[in-house]
Amino acid sequence: MGKVVLKVGDDVSTDIIYPGRFMATVLPTETPQYAFVDNADFNKKLKANEVPKGSFIIAGQNFGCGSSREQAASCLHGWGLTIVAKHFARIFLQNSINLGLPMLICPTIEADEGDEMEVKGETIRNVTKGKEFAIQPLPKARQAIIDAGGLVPYTRALLIKQAGK
Amino acid sequence: MGMTYVQKVIARACGKPAVAVGDVVEPEVHLAMSHENGALVLNQFNEIYKGTGIEAKIWNPDRIAIILDHRVPAESSKTATNQKKLRDLVAKQKIGKFHDIRGDEGGICHQILPEYGYVRPGYVVVGTDSHTTSHGALGAFAFGIGATEMASVWTLGRILNVEVPGTIKVVVNGKFPAHVGPKDLILHLIGKLTAEGANFRVLEFHGDTIRTMSTSGRLVICNMSVEAGATSGIVPADEETLRYLKTEAGVTEKIDVFGADPDAVYEQTIEIDVSKLAPQIACPHTVDNVKTVDQVAGIKVDQIVIGSCTNGRLDDLETAARTLKGKKVARGTRMLIFPASWRIYREALKRGYLADLAEAGAVVCNPGCGPCLGVHQGALGDQEVALATTNRNFKGRMGNPNAEVYLCSPDVAAASAIVGVIADPRNGGR
Ligand code: SF4
């Protein structure tokens, strides 16, 4: 269970999620401070720890379009957010999978800020509105990376296998 | 069933006779490029090796390119330290293709890779930069990835879990009218497809207009394919590709040229006739918000930028110099020129373009990304308007979320500089 803390429209770019002017900051431990930094209200809430882990961002189509900067995924991951979008831009989707940022593809999602949401298997339930929406499952190969805990452990396992250790 | 160009490239890189759309494969990587964000790749690379007891070694240092371009010379101590880490990495891992901040061989990654002949037809090229799509101009399957994914490539030499993308065939015919060119074509196409119209797909370019287009023009259209969401834009290699690689990039080895199968299956075919195309402008704040120049002519512009990996090549600077020679940049408008590489810079210097531009009032900056991503040069003030030959106009892109960026061709940018408002070059800049 978690609340929708931010609702955004279509084509939200990585320049909105994590502006280019902070790109010299790279470590996942340091990027969260700049998440949605130009949305001063929301960024302030994050930094004041007013957004509990497990909260949701609801987005339209093509969330995360633009730059390949991984900071856009790591900064959201740092706050324990889950992103639900109608669909995601390719590189952002892959970055999220690689880092373990939970994101749910849900083409029919309906939710507003403040709504209570609950994820159950392949559906997401808007408790406030009393409606359920189907989540599109990820291709198996991508799910395997998530199940491994992200691409770092996934690659590490392959590396160890390759080295015959 | 025949294969599209990208299917053929992937099949070869997987050592398989064929791959089908949707197959999940692990192709070998021929070239892996990073810029300053290589510092994050390095961090993730070390994470992968942590606790394994295995010595952290890049699988093949000759296939790694590191190009410092995004914030050059460094704008802050933080950036300088990241750049220093990369120099140490290059020395330690003996990375072959390193371009430091230097006037002889520096420049923007997407210009350096083709210019130095690092990209070949049939290559699988990955880069920690979304505009890695550029290299499809030379017949490679080239796409952007994140830093962790790159760390995985550095470790294993292949890219994991690539889904073979479907292909949209784009057939372009007709002769460009005067003052209209590749930038207008790609802006028009993005407007048609929308910012997500080609998500998870490849754009494969065909037609007479493409066949007669220079590699410089092909780089423009492949560079911006990602703005329609495409994984990659590809121009199958041909005579022009060979000419470019041999005479401009100095490649001497044999180059393998192949095409898509004649019976390849495309998801969709888009036909474009450019003979009546008008100059196109992408309006704030999305690249697919495309209008023709007459619809926005007259809008006051505070800053004009000619440069970037999209339009900072010699032909672009030539257009600008020709238009501005003996004229002046309008008072109240700043004009910034960012050549895409130092090789281009030096050639433009020799040919007198840079002097013509400076005499007109333009500021010629050092090659690099500069204002394109708004980190350290040419940031915009509140409520200012920029007109740029770059490839993105997202809110905040030029360093300020309270400013607006319009995208256009060098032709439109140069004509507009003289009058200080968005102008149609076909009307002699009125
Ligand atoms: S010039 Fe702009 S788009 Fe090109 S690589 Fe640099 S920042 Fe990216």
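Return the only residue of B:388, B:403 being within 24 Å of residue A:12 (Cβ to Cβ) and either surrounded by fewer than 21 Cβ atoms within 10 Å (Cβ to Cβ) or within 18 Å of the chain's Cα centre (by Cα) (or both). Spell out the reasoning first.
On the way: B:403 fails: either surrounded by fewer than 21 Cβ atoms within 10 Å (Cβ to Cβ) or within 18 Å of the chain's Cα centre (by Cα) (or both).
After ruling out the rest, the residue left standing is B:388.
Among residues belonging to the range A:33-67 that are at the interface with chain B (Cβ under 10 Å from one of its Cβ atoms), polar (S, T, N, Q) and open to solvent by 10 Å² or more (accessible area, probe 1.4 Å), point out the one that is farthest from residue A:102 (Cα to Cα).
Applying the filter and picking the extreme gives A:39.
Does the range B:130-153 contain at least one residue that is more than 23 Å from residue B:407 (Cα to Cα), open to solvent by 10 Å² or more (accessible area, probe 1.4 Å) and within 14 Å of chain A (Cβ to nearest Cβ)?
Within the range B:130-153, one or more residues are more than 23 Å from residue B:407 (Cα to Cα), open to solvent by 10 Å² or more (accessible area, probe 1.4 Å) and within 14 Å of chain A (Cβ to nearest Cβ).
Name the strands (runs of 3 or more DSSP E) wholly within the range B:116-194 that hold at least 3 residues that are at pLDDT 95 or above, assigned by TED's automatic domain parsing to the domain that holds residue B:249 and not aromatic (Phe, Trp, Tyr)? Give the derivation first.
Values: elements: B:124-127, B:141-144, B:166-173.
Answer list for the range B:116-194: B:124-127, B:166-173.
If you check residue B:378 against the conditions, is it within 14 Å of chain A (Cβ to nearest Cβ), at positive phi and at pLDDT below 95?
Numbers: within 14 Å of chain A (Cβ to nearest Cβ): yes; at positive phi: yes; at pLDDT below 95: yes.
Here the answer is yes, as residue B:378 does meet what is asked.
Return the residue satisfying two criteria in turn: it lies in the range B:183-217 and is within 16 Å of the ligand (Cβ to nearest atom) and under 16 Å from the mean Cα position of the chain (by Cα), and of such residues it is farthest from residue B:274 (Cα to Cα).
The initial filter retains those residues of the range B:183-217 that are within 16 Å of the ligand (Cβ to nearest atom), namely B:183, B:186-187, B:190, B:195, B:216.
Adding the requirement that they be under 16 Å from the mean Cα position of the chain (by Cα) leaves B:183, B:186-187, B:190, B:216.
Working: B:183: 12, B:186: 11, B:187: 12, B:190: 14, B:216: 18 Å.
Filtering the range B:183-217 for residues that are within 16 Å of the ligand (Cβ to nearest atom) and under 16 Å from the mean Cα position of the chain (by Cα), the one farthest from residue B:274 (Cα to Cα) comes out as B:216.
Please find, within the range B:346-382, the residue that is farthest from the ligand (Cβ to nearest atom) out of those that are of a type in the set (A, V, I, L, M, F, W, C) and without any contact (Cβ under 8 Å) to a residue 24 or more places away in the chain.
Our first condition is that a residue be of a type in the set (A, V, I, L, M, F, W, C); within the range B:346-382, this holds for B:348-349, B:354-355, B:357-358, B:360, B:362-365, B:369, B:372-373, B:375, B:379-380.
Restricting the remaining residues to those that are without any contact (Cβ under 8 Å) to a residue 24 or more places away in the chain gives B:349, B:355, B:358, B:379.
Numbers: B:349: 20, B:355: 24, B:358: 21, B:379: 13 Å.
Per the criteria, the residue is B:355.
Looking only at residues in the range A:131-150 that are open to solvent by 40 Å² or more (accessible area, probe 1.4 Å), part of a loop (DSSP other than H, G, I, E, B) and over 20 Å from residue A:60 (Cα atoms), which one is nearest to the other protein chains (Cβ to nearest Cβ)?
Among those that are open to solvent by 40 Å² or more (accessible area, probe 1.4 Å), part of a loop (DSSP other than H, G, I, E, B) and over 20 Å from residue A:60 (Cα atoms), it is A:139.
Please go through the range B:307-337 and give me each residue that is more than 16 Å from the ligand (Cβ to nearest atom), surrounded by fewer than 21 Cβ atoms within 10 Å (Cβ to Cβ), under 25 Å from the mean Cα position of the chain (by Cα) and not in a helix (DSSP H, G or I), ordered by number.
Within the range B:307-337, just B:334 meets the criteria.
Could you run through the range B:365-383 and say how many residues are open to solvent by less than 40 Å² (accessible area, probe 1.4 Å), over 15 Å from residue A:14 (Cβ atoms) and either in contact with a helix residue (DSSP H, G or I) (Cβ under 6 Å, 6 or more places away or on another chain) or of a type in the set (Asp, Glu) (or both)?
Summing the residues that are open to solvent by less than 40 Å² (accessible area, probe 1.4 Å), over 15 Å from residue A:14 (Cβ atoms) and either in contact with a helix residue (DSSP H, G or I) (Cβ under 6 Å, 6 or more places away or on another chain) or of a type in the set (Asp, Glu) (or both) in the range B:365-383 gives 2.
Cβ-Cβ below 6 Å, separation at least six or inter-chain, first residue in the range A:137-165 and within 15 Å of residue B:158 (Cβ to Cβ), second polar (S, T, N, Q): which pairs?
Close Cβ pairs satisfying both conditions: A:141/B:161; A:151/A:98; A:151/B:148; A:151/B:152; A:155/B:152; A:155/B:155; A:159/B:155.
The values are calculated or read from the model by the stated rules, or taken from the named source; none is laboratory data. As the structure is a prediction and not an experimental result, all values here were calculated from the model. Methodologically, a virtual Cβ is constructed for each residue, glycine included, from the backbone with ideal geometry; neighbour enumeration extends over all protein chains shown. Areas reflect the complete protein model, heavy atoms only, side chains present, ligands, DNA and RNA absent. Shrake-Rupley method; radii C 1.70, N 1.55, O 1.52, S 1.80 Å.
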